[in-house]
Amino acid sequence: MKVSELKPRTPVPEITLEIVSKGETREFANDRGSGKVCSAAGKDEDGTEVAISLWNEQCDQVKEGDKVKIESGWCSEYQGQKQVSSGKMGKLTVL
């Protein structure tokens with residue numbers, strides 16, 4: 001799948017992205033639990049960028065320049081910008 005094919009609030013069967021930037025990890029706590037979250041940006045082979053949400057251990061696994069594969073992920077939208085993540089049921093692998 002390519003970034004141009006992503007649609008908000010839909011599953012992402014599989015996408016491979018190169019991490020081009022990564023923000024600071026921050027702690028969160030809400031009624032569903034607590035943990036860590038980090039925002040990153042990735043680009044596909046066409047060079048099109050998309051925001052990526054990294055959760056908990058993913059924050060430490062991923063660094064700039066890595067290629068990652070997200071399987072059974074999810075595309076959401078925040079402030080008009082598409083974001084992908086592995087979601088609750090998906091998997092993120094550093095290639």
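Rule-based calculations on the coordinates, nothing more; no lab input. The shown structure was predicted, so the numbers you read here are calculated from the model rather than taken from an experiment. Cβ atoms come from the backbone with ideal geometry, glycine included; neighbour counts cover every protein chain shown.
Here are the numbers:
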read-out	value
Three-way shape label, region 1-45, alpha-carbon gyration tensor, a/c 1.5	oblate
Filtered trypsin sites (Lys or Arg not before Pro), region 53-94: DSSP coil and at most 11 other beta carbons within 10 Å	Lys63, Lys88
Relative contact order, percent, the chain [alpha-carbon distance under 8 Å, six or more residues apart]	32 percent
Distance between region 52-89 and region 1-51 - C-alpha centres, whole angstrom	3 Å
Rg over Rh [alpha-carbon atoms, Kirkwood Rh] for region 41-95	0.93
